[in-house]
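All remarks here apply to the structure that follows.
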Amino acid sequence: MDEQMDLAEAIGRARAGSQGRIRALLQSSPRRAHVLLRASIRRGVLPASSNVEEQSLIMSMMMSRNSIRSALQQLNSEGLVQRRQRLGTSVVGTISELPLLELLPVKGWSSAPREQHASMSLGIEHLEKAEVLADEHIQGRLRLPSNRVMMQEDLVTRGGEVIGIIVGYHPIGADVSREPDAAEDDRYNYLRMISRSHIEATVEAVNCDERTAKVLGVAEGAAILVRETLLYDSDGAPKMLAYGHYRGDRVALWAEDAAVPAMVPPGSAD
């Protein structure tokens, strides 16, 4: 009897010691747990409709239970996961990765989609196009000889969900509709096929205004990504100035440039 009690106590102490060592190894950071889980959703490691188990995340991420729960609650508020009592947590939303250094707004992107999103299609819906007055900023960026410019505004959707609004300004001489009888795709592709020297891009996080919030389906004042893109042709002349307003909870911007050593993919040839 004493031997059995001693064995039970030994097993209990071993288990307690193991749990103590595990707890000592667990990180306590809701911020790190949240960003890693968002990245897993964005990269397709946690695909839509997949179930998420807290205990599995605790062990695989070595994060404390409170950190995991806090991160899942935040993802739930962002509409990326759904937490239901007795049914657990499942992934219900997705995050779109858009190329940072790409020509917009046109129908489609010249860069191929990243492999993990190959089955996901982005749609462009034309909203408005007109010749408008160019303010001092637009005139300076596009080096316009006059105060008139062509403006085109498009809606970016994915799976029927609006994820962005893009407005582009370009000199009237470079208007994509300069050939009125051309097919729509050809008119859109005109700017994509310009021989270009380089593209500049600037990204900011801003609070969303009321009108844009209604279109994007977010709360007024929510953080959104605003990207300014300036395209130069092969002669070094600016051809388009574009502004994209994207949902901060649904869009990520990526870039890869083999000319920048830090951005060369592992295993690439020198």
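Just so you know, all these numbers are worked out from the coordinates, no wet-lab data involved. Note that the structure is a prediction, hence the values are computed from the model and not measured. Note: ideal-geometry Cβ built from the backbone for every residue, glycine included; neighbour counts use all protein chains shown.
Based on the Cβ-Cβ distance of residue 230 and residue 157, what FRET efficiency does E = 1/(1 + (r/R0)^6) give at R0 = 30 Å, to the nearest 0.05? Provide the component values of the computation, followed by the final result.
Values: r = 25 Å, r/R0 = 0.82.
That pair, residue 230 with residue 157, gives E of 0.75.
If I stretch the segment between residue 147 and residue 222 completely, what's the gain in nm (0.36 nm per residue apart, minus their alpha carbon distance), one decimal? Kindly include the intermediate steps, with their values, before the conclusion.
Numbers: separation 75, 0.36 × 75 = 27.00 nm, distance 3.32 nm.
Additional length available on full extension: 23.7 nm.
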> Given H placed 1.01 Å from N in the peptide plane, which residues other than close sequence neighbours of residue 240 have an amide H under 5 Å from its amide H?
Replying inline: 231
